[in-house]
Amino acid sequence: MSVRSQTIARIGLSVLSGVALGLAFPKFDLNLLAWVAFIPLLYAIDGESLPATFIHGWIAGFACYIVSLYWITITLNTFAGLPVVIAILPMLLLSGILAIYTGAALWASAFAAARTRIPMVVTLPVIWTGIEWLRSFFPIGFPWSYVGYSQYSNLELIQFAEITGVYGISALIVFFNVVLYAVLFGRHSRRFQVAALGALTALLIAADIFGTVRIRQLEHAPAAGKIRAAMVQGDIPQSVKWSPDFLETSFGIYVAQSEKAAREGAQVIIWPEAAAAFLFQPQDRYPVQLAADAKYRSRLLDLARATDKPILFGAPALGVEDGEPGFYNRAYLVSGKGEVESYYDKMQLVPFGEYIPLRPLLGKFVHRIVAGFGDMFPGRVQTIFNVDGARMAVLICYESVFPDLTRRAVKRGAEILVNITNDAWYGESSAPYQLLAMAAMRSVETKVPMIRVANTGISAVIAPTGQITASTPLSTRTMEIETVRYRPERTIYTIVGDLFAEICFALGVAWLLWGFCWPIAPRRRDTSPPVNRVVANGRPS
């Protein structure tokens, strides 16, 4: 085979890996593909130089994120009014940026393996996990499509996330791929292959036993309390959501559904993110220009009094920071007496949706997707709401994809998580399904149930095991009342946070420093598997 043909074949294998991994996530849900998705990529980097290894990793990542993030094009085309040929460009740009992490993980793992003689069977799972953790906050914080999320429905396997977070599941899947590759195509000794396969088998058995036992414990553990929660799914189209002409209609929908929920015995009524499509202020202090907003505020408080039920809802609020006016994306709790008890301001804002990151650099070139509001102010303190004896923490929309933010709320005393969101932006693409899967992992990590209420769906109740129940269909107006049982528990992950991922990141940095500063000379005879055959000078042996 010619060099050109080999190059094309390697690129094809890299693309195949990326597509396979992308299809492992919702709503495709071919989750078994995650366990073999890395095999073609590992074959593609067999004997390649370090620069080529990075490129193949980038290609695989690019293909994966296109499959996983295609919904961005739908959002920009439908709601930002961009032509498809233009709307596709930001999706391709973001996919290309995220793919750098994939390329970096492959490059760093191959470099460390070559310079330190630590097998790539070890370096890749560790470094991959560390880079997933890095992606959660640098440079803008977009922790989407972690490998571990592909297994959200494999309840027995994922329970050990209460120790490691979702990062441990990612590490196990990558470890499975690299061990399988070493056994099928590797050049390590038979003794090494048997040891690696034995370690993998032991980990899988241990994870399965642990998960089975924990699920049984959780299912039979007595509840400390329970609450009947009404999930009001208004199904308000994004195209009219903020139209003044439609406000009376949308507000009437939530009033009618809330009155029905009260008649049917709900203890708390929950509306989605920004369901109150008007400025709701903590105090009844409005300028004359906002008289209409003040009237709707009064009507909402009257509704709570009339139903004698607390209402937890999302609404924008006006504020001033450093002398500059701005807005908050806020969750309010109004008591059954019609009084504002407390509120929470969204802390993790959506980049390019609720603010422009690196504004001095990007502000002149990039416009926000969400019209009608300027850059929003982030919240600074998590609020624990007390609802009929149950302690609740609210995650607004995108916040549910951040493991550490959720576990800090639980550490502060939350017994129930409430995720209010507006997924109307995504239509019936894979995004609502992906968000639901990521939210489910938050319950597994903390062993705290979650009530997820979405404007257009998917609303659901998520058990501490991660089991998704009472899920509603997309694009449907409905109201569901579910009994949610809770039981205070502090998992290891709740206590120590991302320690597992941080250790992986620290090990990866240490190996790179070792490889740069004190490289071990390559062996005269190469007996490593193909994925390790990158020598210290970055050229194939």
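Angle check, please: helix 50-69 long axis (alpha carbons) against the longest principal axis of the chain (alpha carbons), in degrees 0 to 90, nearest 10.
30
Normalised radius of gyration for region 173-275, please: alpha carbon Rg relative to 2.2 N^0.38 Å, two decimal places.
Ratio of Cα Rg to 2.2 N^0.38 Å: 2.07.
Distance from the Cα centre of region 271-308 to that of region 36-68, in angstrom?
A separation of 52 Å, based on Cα centres.
With N denoting the number of residues in region 419-496, provide Rg(C-alpha) divided by 2.2 N^0.38 Å, to two decimal places.
1.13
If packing is taken as the mean number of other Cβ atoms within 10 Å per residue, what is the order of 93-105, 170-182, 220-232, highest first? Intermediate values should be presented prior to the final figure.
Numbers: 93-105: 19.2, 170-182: 23.8, 220-232: 17.5.
Final packing ranking: 170-182, 93-105, 220-232.
Using alpha-carbon positions, what is the distance between the centroids of region 452-505 and region 215-237, in Å?
Distance between centres, Cα-based: 9 Å.
What would the Debye formula give as log10 I(q)/I(0) at q = 0.08, 0.11, 0.15 Å⁻¹ for the alpha-carbon point model of region 228-486, no solvent?
Taking Cα atoms of region 228-486 as identical point scatterers yields -0.28, -0.55, -1.07.
Based on the Cβ-Cβ distance of residue 153 and residue 485, what FRET efficiency does E = 1/(1 + (r/R0)^6) give at R0 = 30 Å, to the nearest 0.05? Display every interim value, and only then the final one.
Details: r = 21 Å, r/R0 = 0.71.
Rounded to the nearest 0.05, the efficiency is 0.90.
Which of the lysines could be linked to residue 309 by a straight reach, that is with a Cα gap under 27 Å, when you skip same-chain ones fewer than 8 residues away?
226, 241, 260, 295, 337, 346
Region 42-78: which chymotrypsin sites (Phe, Trp or Tyr not before Pro) are DSSP loop and have at most 16 other beta-carbon atoms within 10 angstrom? Don't skip to the answer; put the middle values down first.
Values: sites: 43, 54, 58, 62, 65, 70, 71; in loops: 70.
Of the chymotrypsin sites (Phe, Trp or Tyr not before Pro), the ones in loops of region 42-78 whose Cβ has at most 16 other Cβ atoms within 10 Å are 70.
Can you tell me which aspartates and glutamates have their Cα less than 14 Å from the Cα of residue 411? Leave out same-chain residues fewer than eight positions away.
162, 445, 489, 498
As I understand it, the value is the acute angle between the Cα axis of helix 84-116 and the longest principal axis of the Cα atoms of the chain; what does it come to in degrees, rounded to 10?
40
Which value in nm describes the separation of the simple spin-label points at residue 518 and residue 224, placed 7 Å from the Cα toward the beta carbon?
Taking the simple label geometry, residue 518 and residue 224 are separated by 4.8 nm.
Going highest first, how would you order 76-89, 273-286 by mean Cβ packing within 10 Å?
Sorting 76-89, 273-286 by mean packing, highest first, produces 273-286, 76-89.
Which percent of Cα-Cα pairs in region 367-466 sits in each 5 Å bin, short to long?
Pairs per bin, as whole percents: 3, 13, 23, 23, 18, 12, 6, 2, 0.
Determine the calculated [θ] at 222 nm for the chain from helices alone, applying -39500 (n - 2.57) to every DSSP H run no shorter than 4 residues and normalising by the residue count; nearest 500 deg cm²/dmol.
-15500 deg cm²/dmol
To the nearest 20 debye, what is the magnitude of the charge dipole of region 228-486 about its Cα centre, counting +1 on the Cβ of each Lys and Arg and -1 on the Cβ of each Asp and Glu?
Magnitude of the dipole: close to 440 debye.
Can you find, among 467, 281, 312, the residue farthest towards the positive end of the dipole of region 228-486? Put +1 on the C-beta of Lys and Arg, -1 on that of Asp and Glu.
With unit charges placed on the Cβ atoms, the residue in question is 467.
Roughly what % antiparallel, to the nearest 5, for the DSSP beta bridges in region 367-446?
45
Across the Cα atoms of region 84-171, what radius of gyration and what greatest pairwise Cα-Cα distance (Dmax) are found, in Å?
Final numbers for Rg and Dmax: 15.2, 48 Å.
How far apart, in nanometres, would the label points at residue 408 and residue 85 be if each is projected 7 angstrom from Cα along the Cα-to-Cβ direction?
4.5
How large, in Å, is the chain by the Kirkwood hydrodynamic radius built from its alpha-carbon pairs?
Details: mean 1/r = 0.0406 Å⁻¹.
One over the average 1/r among Cα pairs gives 24.6 Å for the chain.
What FRET efficiency would be calculated for the residue pair residue 137, residue 29, taking the C-beta separation as r and a Förster radius of 30 Å, to the nearest 0.05?
So, using R0 = 30 Å, E works out to roughly 0.60.
By DSSP, what percent of the beta bridges with both residues in the chain are antiparallel, rounded to the nearest 5?
65
Send over the per residue convex hull volume for region 134-186, Cα only, as a whole number of Å³.
With only Cα atoms used, region 134-186 gives 104 Å³ per residue.
In whole Å, how far is the Cα centre of region 241-259 from that of region 387-409?
Region 241-259 and region 387-409 have Cα centres separated by 26 Å.
Whose amide H sits under 5 Å from the amide H of residue 459, counting only residues 5 or more places off or on another chain, with H placed in the peptide plane?
Those qualifying (amide H under 5 Å, at least 5 residues apart or on another chain) are 454, 472.
Read-outs: derived from the displayed coordinates by stated rules, not from any lab. Source: prediction; values computed, not measured. Positions of Cβ are backbone-derived with ideal geometry, glycine not excepted, and every protein chain shown enters the neighbour counts.
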